[in-house]
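To start, the structure under review is shown below, and the notes come after it.
The values are calculated or read from the model by the stated rules, or taken from the named source; none is laboratory data. Just so we're clear, the structure is a prediction, and the values are computed from it rather than from any experiment. Quick reminder, even Gly has a Cβ in these numbers, built from the backbone with ideal geometry, and neighbours come from all protein chains shown.
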Amino acid sequence: MAGDIAQHLDGGGLNPDDVEPLNDNDGNFPPMPVGYRGVEIKKAVVRANNNKNGVGLDIEADVIGPDHANRKVFKWINITNPSTACMGMGRRELGELSRACGIKFFDNEDELLGKQLDMKLIIEKNKKTDKLDNSVKGYAILGTGTPAAVPAGESATTPQTAPDETPKNDPATGKKMPWAK
């Protein structure tokens with residue numbers, strides 16, 4: 001005998017083999033399409049990095065809106081690190097995130113909780129799992145897909161090194177930096 005759900009499904013029921021799975025056999029969801037997605041920050045925790053030689057901001061956000069609602073987006077931002085280049089990128093990223101959230105002076109990670117903004121997602125191969133995954137590569141004011149402008153008279157960045165001194169290799173690990181050719 002059919003239950004209550006049958007009246008809400010076309011054909012009176014559902015054959016699981018007739019629908020596309022939500023995720024692969026390992027429980028991984030396919031990456032979301034490239035572009036800006038509206039998100040709400042649910043978690044922002046300052047913690048030590050994996051090597052225990054620096055500190056970063058660990059962010060978890062939920063996608064909002066009709067497409068991909070409630071999917072999780074994760075982001076790590078370096079705060080302190082043996083690599084001044086990594087710290088510089090982290091500070092610039094914190095600035096962009098703060099502007100997108102409307103935060104004028106960022107000194108408490110709890111200020112991010114509940115903030116809604118657009119995060120720019122790209123698709124990259126996950127180095128640990130070797131599978132395609134989303135990465136966050138930018139922030140914007142919610143609904144605009146446009147990074148927040150730096151107020152007049154303020155600097156967008158605080159350079160850590162002069163342009164001609166930008167390191168090609170990470171001083172801490174010796175590995176080639178992402179922008180090095």
Is it the case that some residue within the stretch 78-97 is part of a loop (DSSP other than H, G, I, E, B), buried (at least 16 other Cβ atoms within 10 Å of the Cβ) and of a type in the set (S, T, N, Q)? yes
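Which of the residues that make up the stretch 36-54 are β-branched (Val, Ile, Thr) and either touching a Lys or Arg at 6+ places or on another chain (Cβ under 7 Å) or loosely packed, with under 14 Cβ neighbours inside 10 Å (or both)?
Correct list: Ile41, Val45, Val46.
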Being within 14 Å of the chain's Cα centre (by Cα), aliphatic (A, V, I, L, M) and under 20 Å from Leu94 (Cβ atoms) is the filter; apply it to the stretch 105-140 and report the residue that is surrounded by the fewest Cβ atoms within 10 Å (Cβ to Cβ). Ile122
Go through the residues of the stretch 141-148 one by one and say whether even a single one is modelled with pLDDT of 95 or more, among the β-branched types (Val, Ile, Thr) and surrounded by 10 or more Cβ atoms within 10 Å (Cβ to Cβ). yes
Filter result for Glu124 (more than 20 Å from Val45 (Cβ to Cβ), assigned to a strand (DSSP E or B) and free of Cβ contacts under 8 Å to residues at least 40 places away in the same chain): yes
